[in-house]
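See structure below.
The values are calculated or read from the model by the stated rules, or taken from the named source; none is laboratory data. Just so it is clear, the model here is predicted, and its values are computed rather than measured. Because the Cβ atoms are built from the backbone with ideal geometry, glycine has one as well, and the counts that use them run over all protein chains shown.
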C-alpha cells in the first residue's frame, strides 16, 4: 500500500523533528506541546478526568459505545514520558472506530518511579475496572510502544497470579525487549525516523537496572505465552522494533496463543499517534475492529 500524501509529508517532518537528541525533560515538554494539539473534542465523544482512588486517568466515552465494554490503554513514551493528555489525539479516533469507551491511566514514570511502579499501576487500574462491575471478558488491554510492552507484562502478571484475564491484547509497535537484541536495531537504524537504539538504551536503564532487563515483566519477549488472550500487533517494516513485533508474534503463536500480526510499510513507529492527521490511522483502527469482531465472538461462543 502506497502511503498517503499526508503520511509522506509527516514522515519527512518527523525525521527532522526527531533528529536532535532530547533529554527526558525535553521529551516531556514536547509531550505537553503535543497534548495541546488535540484540538476540539468530537460531538460524539466525551473526555473527562477521573480519580481512581487517588490515581489520575482520562476517560474517553463514545456515544455509540457498549457501556459494559472498555479498553484500558497504556500509553507509550519509553516509561519516562507521555501521558493520557498526549495520547488523546490517537485514542479519540480509536474509541470512535471501535465504538468502545477507553480508560487512559497516568501511570508513574521513571526515573523518578522505576520498575515495577508502572506495572503496579496498570494492575491497580485493571483491578479497579473489575471492582466497578466490568467483567474480564469485556475488558481489552492495549498499548503503544512501551505501553505495548507494559500491556503484555500486565497480562503476564495477571495470568501468573491466577487472576481473570482480559478478552484481548492490542499492541502498537510494542517495545517488548529492553535488551535490544533484535537484528532490526541494526538493519533499520537508518530507516527509523522516530527512534534510535541509543535513546532506547538510555530509557531502559532509567526504567530498571541492567541486570533486570531479561525479566519477562520488563522484556515480555522473554516470557512464556501459554494461556494468553488473543493478541493483535501492528508495526511498520521500517522500525528498529520490527523484530520485537515479529518475534513476539512467532513466540506467542508457538505457545498456543491466537495472534494476528499486521506489518505496514512506508510509515513509522506508532503512526497512530497523529490521529486523524493521516488516513492510515483510521485504516489501522479498522483492522483492529475486524480482529475484535472475529475473536471476541469466538471467545464468547466457547
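A few remarks follow.
- Taking the criterion of being surrounded by fewer than 21 Cβ atoms within 10 Å (Cβ to Cβ), in contact with a strand residue (DSSP E or B) (Cβ under 6 Å, 6 or more places away or on another chain) and under 21 Å from residue 217 (Cβ atoms), the only residue of segment 100-124 that qualifies is 106.
- Index of the failed condition, residue 201 passing every other in (1) in contact with a strand residue (DSSP E or B) (Cβ under 9 Å, 6 or more places away or on another chain); (2) assigned to a helix (DSSP H, G or I): (1)
- Residue in segment 135-154 that is more than 15 Å from residue 119 (Cα to Cα) and in a loop (DSSP other than H, G, I, E, B) present: yes
- Failed item, numbered, when residue 181 is tested on (1) surrounded by fewer than 20 Cβ atoms within 10 Å (Cβ to Cβ); (2) more than 22 Å from residue 261 (Cβ to Cβ): (2)
- Put simply, of 4, 62 the only residue that is at pLDDT 95 or above, within 22 Å of residue 172 (Cα to Cα) and more than 19 Å from the chain's Cα centre (by Cα) is 4.
- Residue satisfying condition, being under 18 Å from the mean Cα position of the chain (by Cα) and closer than 21 Å to residue 152 by Cβ, within set 31, 82: 82
- Under the condition of being surrounded by 22 or more Cβ atoms within 10 Å (Cβ to Cβ), in contact with a strand residue (DSSP E or B) (Cβ under 7 Å, 6 or more places away or on another chain) and assigned to a loop (DSSP other than H, G, I, E, B), the residues counted in segment 230-240 number 1.
Conditions tested, residue by residue: (1) crowded, with 20+ Cβ neighbours inside 10 Å; (2) in contact with a helix residue (DSSP H, G or I) (Cβ under 9 Å, 6 or more places away or on another chain); (3) under 14 Å from residue 219 (Cβ atoms); (4) touching a residue at least 24 places away in the same chain (Cβ under 8 Å).
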| position | (1), (2), (3), (4) |
| --- | --- |
| 135 | no, no, no, yes |
| 139 | yes, yes, no, yes |
| 144 | yes, yes, no, yes |
| 153 | yes, yes, yes, yes |
| 160 | no, no, no, no |
| 166 | yes, yes, no, yes |
| 176 | yes, yes, yes, yes |
| 189 | no, yes, no, yes |
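- Positions within segment 205-216 being without any contact (Cβ under 8 Å) to a residue 40 or more places away in the chain and assigned to a helix (DSSP H, G or I), in sequence order: 205, 210, 211
- Inter-residue pairs, beta-carbon under 9 Å, first at positive phi and in segment 224-243, second outside any loop (DSSP other than H, G, I, E, B) and surrounded by fewer than 22 Cβ atoms within 10 Å (Cβ to Cβ), 6+ apart: 227/159
- Test result for residue 130, surrounded by fewer than 24 Cβ atoms within 10 Å (Cβ to Cβ) and either within 19 Å of residue 268 (Cα to Cα) or touching a helix residue (DSSP H, G or I) at 6+ places or on another chain (Cβ under 9 Å) (or both): yes
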